[in-house]
1. Which of the numbered conditions does Glu185 fail, given that it passes all the others? Conditions: (1) of a type in the set (Asp, Glu); (2) touching a residue at least 40 places away in the same chain (Cβ under 8 Å); (3) under 17 Å from Asn231 (Cβ atoms).
2. Please work out which residue is farthest from the chain's Cα centre (by Cα), limiting yourself to the stretch 211-221 and to residues that are in a strand (DSSP E or B) and farther than 13 Å from Arg261 by Cβ.
3. Can you confirm whether the stretch 25-37 contains a residue that is under 23 Å from Asn171 (Cβ atoms), crowded, with 18+ Cβ neighbours inside 10 Å and touching a residue at least 60 places away in the same chain (Cβ under 8 Å)?
4. Take the conditions in a strand (DSSP E or B), out of contact with any Lys or Arg (no Cβ under 6 Å at 6 or more places or on another chain) and of a type in the set (S, T, N, Q) and apply them to Ser398. Does it pass?
5. Any idea which residue in the stretch 321-350 is surrounded by the fewest Cβ atoms within 10 Å (Cβ to Cβ), counting only those that are in contact with a Phe, Trp or Tyr (Cβ under 8 Å, 6 or more places away or on another chain) and charged (D, E, K, R)?
6. From the residues in the stretch 84-130 that are out of contact with any helix residue (DSSP H, G or I) (no Cβ under 7 Å at 6 or more places or on another chain), farther than 17 Å from Asn336 by Cα and small (Gly, Ala, Ser), which one is surrounded by the most Cβ atoms within 10 Å (Cβ to Cβ)?
7. I'd like to verify a number: residues in the stretch 207-237 that are farther than 15 Å from Glu174 by Cα and of a type in the set (A, V, I, L, M, F, W, C), how many?
8. Name the one entry in Ile164, Ile149 that is at pLDDT 95 or above, closer than 23 Å to Gln114 by Cβ and not in a loop (DSSP other than H, G, I, E, B).
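The values are calculated or read from the model by the stated rules, or taken from the named source; none is laboratory data. This structure is a prediction, so every number in the text was calculated from the model and none was measured. Note: ideal-geometry Cβ built from the backbone for every residue, glycine included; neighbour counts use all protein chains shown.
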Amino acid sequence: MAAMAVVSAITPLRGADAPTELLLDFSRTNGFLRPLHGINKGPLAAGGLIDVTAALQMLKPPSVRLHDCHWPNPDVVDVHCVFPDFNAASDQAASYDFALTDEYLADTRQTGAQIVYRLGESIEHTSKRRFAHPPRDAAQWANICLGIIRHYNEGWANGFHCDIRYWEIWNEPENRPAMWSGTDEDYFHLYRVAANAIKRRYPRLKVGGPAVGASGQFVDGEFRPTAFVTNFLALCRREDLPLDFFSWHCYTADPRELVRRVRAIRSLLDANGFTKTESHLNEWNFLPGGSWAPLSRSSSPQARQAYYEAMAGAPGAAFIVSALLDLQDAPVDVCNLYHGELGGFGLFNENGVPQKNYYALLAFRRLLDTPRRVETHDGMAGQLAVAAGLNEAGSEASVLISQLARSHTEYRLMVSQLPWSGRTVVATRLVDATHDFVLIGNATNATGNGVMSLTLDGPAVALLQWQSAARTR
């Protein structure tokens, strides 16, 4: 992979209060920026009352993973929703209830994203769980999954030709009892039967799992996978089971942990012979304070609200952009933020209003309009992340800055070698405690090269865009 495009140099000037210099030489490009801003959940929410398709279209997520859709009362995607009578004939169209899921997938496809279909059930936090159990008959469950694939990829039962490539078997089976009431062996049996059945019938599709929430721990700098992960990989290797992608999750307050885990998972897969198996970080998000405690039943409403506000606010926005930039050179194939719907962990509030974490993704998406990466080197890891790029025509340039620190910081951007001559339009947009991707500066100067000043207060994201004035006429 190409070297990470951050900044060619990050140099604090002399003096405690002196600005920090960012040197940007746009004559040196190296590779391309990667669209890693996939999400979980589709745009149709609140029982169909709220549709955020237009807002998600602006993000152009590369993939949408279908898990916890319409949670906490899922009525789409989950196997029990699509196939309500488990004892019915799996080869009969009348046994399936596709209507609501058809509508959900239709809206999801309008975002332009590739769908990752999670075969299984959504999480259940209630004391009595109805669906987070091992299927009574793994072969029947696998046949139901084949019916779902047939409907959405082959047009069966008044279906569609969606060309869904990724099919994931269950979610977090080690997360008990909220996601699985059985044993490790119960899941291994289900995976064995379902993965083999899907691959026999549809060899071109990508089958994977297990979407583990607990992948392992770092002890003295060494990654030690959980027994579940170790035994799952051993099973797949021993029985030559299909494992086109290995999916896993991470919620943290430090974007560097995502990179460490990505590298550890890749090394683990390679060491077990799965060198061609893709690595999917298909649930991740900012975990304020690195703790789940504020979301517990015993937590106060005020603590819970403050937690979600941090996740959706400026701290979460800065974390998301920092993570997406840090992951550019990490050996991960697919990433899906959890999640792109309404409410807690989501990009929109309960009324469908975009939050600051949405605007963070939008800033990253705008960076991808200039996909040719500027060759640069990492500097202030864990504090500052920056990426720069050029468009293919060499008529636009941009730099995306994410400041995780809470301090007041002044920057001096030393811009050189923009690949055009003449007057240049420079636009600056900001996401912070008081701005929602607002245009805070829009100027035209002689060349665009030279020194620019930027001040960020607290966690913040800034997108600066240069464009030839001739192009804007």
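1. (2)
2. Val219
3. Of the residues in the stretch 25-37, the ones under 23 Å from Asn171 (Cβ atoms) are 36-37.
From what's left, crowded, with 18+ Cβ neighbours inside 10 Å: 36-37.
Now drop any that are not touching a residue at least 60 places away in the same chain (Cβ under 8 Å), which leaves 36-37.
Yes, there is a match, as at least one residue in the stretch 25-37 is under 23 Å from Asn171 (Cβ atoms), crowded, with 18+ Cβ neighbours inside 10 Å and touching a residue at least 60 places away in the same chain (Cβ under 8 Å).
4. Numbers: in a strand (DSSP E or B): yes; out of contact with any Lys or Arg (no Cβ under 6 Å at 6 or more places or on another chain): yes; of a type in the set (S, T, N, Q): yes.
Here the answer is yes, as Ser398 does meet what is asked.
5. Asp333
6. Top of the filtered list is Ser95.
7. Of the residues in the stretch 207-237, 7 are farther than 15 Å from Glu174 by Cα and of a type in the set (A, V, I, L, M, F, W, C).
8. Answer to the selection: Ile149.
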